[in-house]
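Visitor: My questions will all concern the structure given below.
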Amino acid sequence: MSLLDFRQRSGYLFLAVIVGHVILISAQVNSRGGVPVLEAVTFGAFSEAQRGTSSVVGAIRDVWNRYLALRAVRDENDTLQRELASARVKLQEQAALLGRAEGLARLLDLKGHTSLSTTAAAIIASGATSDFRTVTLDKGSVHGLSKDMAVIVPSGVVGRVVLASARASKVQLLIDRNAAAGALIERSRAQGVVVGAGEDTLRLDFVSEVSDVVVGDQVVTSGIDGIFPKGFAIGRVSDVQKSGGAYRRISVQPAVGFGSLEDVLVVLTPTQAALAATVGSTGAAK
Amino acid sequence: MKVLWVVAGTALALALQTTAARFLAGGAIIVDFVLVVVIYAALASGPVTGLFAGTFAGFVQDTLSAGSGVIGIGGLAKTIVGFLTGLVGTQFIVAQGPSRFVTFFIGTLLHAAMFIGVSVLLGLRDLGRPYTAVLEQAVGNALVGVIAFQLAEFAPGAVERRRLNSRRPRRP
């Protein structure tokens, strides 16, 4: 009997009456979307229940996938690590090949623009001591190389061949203390001799005190030394000082980055000065 | 018997509400006789009676004013007020004038809050901020409720005393 006694269960009765009122009100009112409030409230409440259920299911699935079902992940991770390492190695190889191809392309471009006969060679070694700035090329006399041939790169003059064996050659870099090249200021045509300063700089000697030379002037080969073709870039004037004598003291920043050389061009065509010297010596011998 | 009293009280309250209430304060309805009956029934008979009284009275009141509102809002508000007032009446001693006054006062405020709140939530109409009117009605309901209790408690004794006085032999 107590189950039917409302006075003993007034709370449930109150709740039932309130729900009845809410349903009664909802059935008469439309929401802003034109849907009856009863339907909107029912859908809204059920959608929240669905959202909660979905969240719980999703959380359980995440826990399973991320923490429990990891038996194959270790192997997969190892495989991926190996593949990544291999890919990195290949990437470095490709980058190296790309750099080399670009360098060769620049050489070929230079080769196409000059009338000189040249041959490309790769640097396979550098000097044994820092006192002598030399490099070794992978081509020698069998490839047509001989002593005093000019070595250039697209950015400028590198040096000259000082020793040519059958399959390799030694090149004296222009920055070597014993290296020298006939040079002139491109703007003012003031002439002099570029010599190596031992470090990564050059010195332009025998430029008259009255010559027009300023910092930033382009220095190019003059061609009078019989080795280097005329007009190739040597560098730019970085410092001009009066020495008190007949000549100025001029520093030149090389156009070539000697520390990053990989491929060079060797000029096979003798210069006009070399040819003249050859003809002169031949005539004198006669 | 209790149901009959509730129904009769509600009918009387509705009759007063629709005829006399608007003349009490120059047109402003400062007493809700139906709500007074609900609170009275709840205090006198408990939460279940208050619940049914609120539901019945509110439903009838809503039905009579169906053209201007939604049936159920007044019933919902009065149901809640009736039930909670009944609970208060069973949990606390509400037998003195001041405590009854406070109970009627708070019950009226709760009723207004429920009615206005639900209306605003449903976007039915903008009722503004009728703080003054609600306070006036709360005071009016409280006064009427306290008076009603006083009358109900003292009226039977007065009749009995009058009857006893009429039967007492007169001295020559």
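Visitor: Amide H neighbours of A:LYS139 under 5 Å, at least 5 residues apart or on other chains, H built in the peptide plane: list them.
Guide: Here the answer is A:ALA122, A:SER169, since their amide H atoms fall under 5 Å of that of A:LYS139.
Visitor: Additional query: With each label point set 7 Å from Cα along the Cα-Cβ vector, what nm distance links A:SER54 and A:ARG236?
Guide: 6.4
Visitor: Which residues does the label zone of B:LEU110 cover in the range B:79-98, counting backbone N under 17 Å from a point 7 Å along Cα→Cβ?
Guide: B:79-95
Visitor: If you don't mind, another one. Going by how many other beta carbons lie within 10 Å of each one, how would you line up A:TYR67, A:TYR247, fewest first?
Guide: A:TYR67, A:TYR247
Visitor: If you don't mind, there's one more thing I want to ask. Taking 7 Å along the Cα-to-C-beta vector as the label spot, tell me the A:ARG82-B:LEU151 distance in nanometres, rounded to one decimal.
Guide: Inter-label distance under the simple model: 9.9 nm.
Visitor: Ok, one more. Mind giving me the nanometre distance, one decimal, between the label points for A:ARG187 and A:GLU102, set 7 Å out from Cα along Cα→Cβ?
Guide: 3.0
Visitor: Binned at 10 Å from 0, what are the whole-percent values of the Cα-Cα distance distribution for the range A:132-187, short to long?
Guide: The calculated distribution, bin by bin, is 25, 51, 20, 4, 0.
Visitor: With the cut-off at 20 Å, tell me which of the pairs A:LYS139/A:LYS230; A:LYS170/A:LYS230; A:LYS147/A:LYS230 have Cα atoms farther apart than that.
Guide: The pairs that break the limit, which is 20 Å between Cα atoms, are A:LYS139/A:LYS230; A:LYS170/A:LYS230.
Visitor: Something else: Sorted by mean Cβ packing within 10 Å, highest first, what order do the peptides B:47-55, A:236-244 take?
Guide: For the peptides B:47-55, A:236-244, the packing ranking is B:47-55, A:236-244.
Visitor: For peptide A:17-24, how many partner chain Cβ atoms fall within 10 Å of a residue's Cβ, on average? Present the calculation step by step, with values, prior to reporting the outcome.
Guide: On the way: counts 10, 6, 0, 5, 16, 3, 1, 8.
Shielding by partners across A:17-24 averages 6.
Visitor: A follow-up question, please. Starting at the first residue of the range B:137-143, write each ³J(HN,Hα) from the Karplus equation 6.51 cos²θ - 1.76 cosθ + 1.60 with θ = phi - 60°, in whole Hz, x for Gly and Pro.
Guide: Karplus-based 3J(HN,Hα) across the range B:137-143 equals 5, 5, 5, x, 4, 5, 5 Hz.
Visitor: If you rank A:ARG71, A:ARG82 by fewest surrounding Cβ atoms within 10 Å, what's the result?
Guide: Lowest count first: A:ARG71, A:ARG82.
Visitor: Cut-off is 10 Å between beta-carbons; in what order do B:TRP5, A:TRP64 appear when sorted fewest neighbours first?
Guide: Taking fewest neighbouring Cβ atoms as first place, the list is A:TRP64, B:TRP5.
Visitor: Could you point to the residue in A:LEU174, A:VAL151, A:SER117 farthest towards the positive end of the range A:75-209's charge dipole, with +1 and -1 charges on the Cβ of Lys/Arg and Asp/Glu respectively?
Guide: The one lying farthest along the dipole's positive direction is A:SER117.
Computed from the coordinates by the stated procedures, all read-outs in this text should not be read as laboratory data. Predicted model, so just to flag it, every value in this text is computed and none were measured. Glycine also receives a Cβ, built like all others from the backbone with ideal geometry; neighbour counts cover every protein chain displayed.
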